Amino acid sequence: MKKAFIAVAAMAGIIAVRMILSVALGEQIAEVFTRISVSALFFYFLISISRNRRNTQKAENYIQ
């Protein structure tokens, strides 16, 4: 549940930065930033989930 809250907070931050960028620099720059940052966030959580599963399997094998 903690990771879900972190993801929601990160998305809220991305939306806030996008709004600021669209006013300050333009909509195209804001769109590029949003696409890159959402993709990076997705892959970060995908990698962290696989890393946690791998660590859990190592711990289970160590206990047995």
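Since every read-out is calculated from the coordinates, none of them should be taken as a lab result. Since the structure is predicted, the reported quantities are computational estimates derived from the model, not experimental observations. Heads up, the Cβs are rebuilt from the backbone with ideal geometry, glycines too, and the neighbour counts pull from every protein chain shown.
Structure summary
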| read-out | value |
| --- | --- |
| FRET efficiency, 1/(1 + (r/R0)^6) with R0 35 Å, evaluated for residue 49 and residue 25 via beta carbons | 0.55 |
| Order by protection proxy (mean Cβ within 10 Å, highest first), peptides 6-13, 47-54 | 6-13, 47-54 |
